[in-house]
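Colleague: One structure, as structure tokens, below. Some questions next.
The values are calculated or read from the model by the stated rules, or taken from the named source; none is laboratory data. A quick note: this is a predicted structure, and the numbers were derived from the prediction, not measured. We place every Cβ from the backbone using ideal geometry, glycine too, and count neighbours over all the protein chains shown.
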Amino acid sequence: MSHEPATKTPSELLYLEDLYVGRRFTSGTHALDERQIVAFAREFDPQPFHTNSEAAKGTLFRGLVASGWHTAAITMRLQVDGGLPIAGGLVGLGGELGWPTATRPGDVLHVESEVLDVVPSRSRPDRGTVTLRSETRNQRGEVVQTATIKLLVPRHSMTDSSAVTTKAGTRTGVLRGPGGRRDQAEGASRIVRDRAQSNRHRGAGGVDARPGDPQKARGSALARRRPSASLELGAKTGPSETASRPSSNPERNGGEKSRPDCRAKPASTSTTIRTAPLRQRAELR
């Protein structure tokens, strides 16, 4: 097996802040021969067009071809070896694969990748997702595999804030560190102090009596001096009272004048309203 490590990619590991839409990567190369194709297929994809060159001539491929999963495995190896140097490794969340052209013995493969989307996580500020499209090509430039996958990528630092432009520049996500939470706490403390200061300047009855506003101060003083009317409900106790009530039925009374109703009535409830003295009421006018 011939394998050449990547030489065109940066040596440092990449974090979410280092990735942006349109960034491209190119891997090293891998030369494939008949022995590798047959060995992989016998263990993982034992079909005649992968395991026997003579039998493969009578199939749709007209010759021996590599399993699509073999091509995918080589693609993964090339990206891990430097074609896609993501910090923390290549953690896939899902994607789509396609094999538009068969891989055959003698092909020399490499992978070209491009970032399509970068989305910071809203619930986990230490990470984000990156959508990546990769094309695996042979020495003739033919595409033998396409892959569109989502990767889980960590952030480089929790203390830095950086903006990440996403697909087509339509969204911008700002990754906030602890400094953002500290600013929120200071803002909340400032609001509490302002409310406490406002309450100290308020007079009785909820009237704002801040210095420099004589009208509001006068209203506050009047609110303190104004006596409140009290309503007392007390039951009178004493002898039963009688009241005259005209009859509502003239025929029953024979046309006579209505006579007083001498039936005893229960003790009534009296209402007493105490108000301010006349002198105080005159002062309030």
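Colleague: If I ask for residues that are without any contact (Cβ under 8 Å) to a residue 40 or more places away in the chain and among the basic types (Lys, Arg), which ones from the stretch 22-47 would you list?
Modeller: Arg35, Arg42, listed by residue number.
Colleague: Please return the ranges of strands (runs of 3 or more DSSP E) entirely within the stretch 21-130 where 2 or more residues are surrounded by 14 or more Cβ atoms within 10 Å (Cβ to Cβ) and in contact with a Gly (Cβ under 9 Å, 6 or more places away or on another chain).
Modeller: 24-31, 108-120
Colleague: For the structure I just gave you, tell me whether Arg77 is farther than 30 Å from Arg155 by Cα and among the basic types (Lys, Arg).
Modeller: no
Colleague: So, one more: Conditions: (1) among the acidic types (Asp, Glu); (2) at pLDDT below 95; (3) within 17 Å of Asn138 (Cβ to Cβ). Asp107 meets all but one. Number of the miss?
Modeller: For Asp107, the exception is condition (2).
Colleague: Hey, among the residues in the stretch 41-56 that are among the charged types (D, E, K, R) and out of contact with any Phe, Trp or Tyr (no Cβ under 9 Å at 6 or more places or on another chain), which one's farthest from Gly106 (Cα to Cα)?
Modeller: Looking only at the stretch 41-56, we keep the residues that are among the charged types (D, E, K, R), and these are 42-43, 45, 54.
Going one step further and asking which of them are out of contact with any Phe, Trp or Tyr (no Cβ under 9 Å at 6 or more places or on another chain), we end up with 42-43, 54.
Working: Arg42: 19, Glu43: 21, Glu54: 17 Å.
My answer is Glu43.
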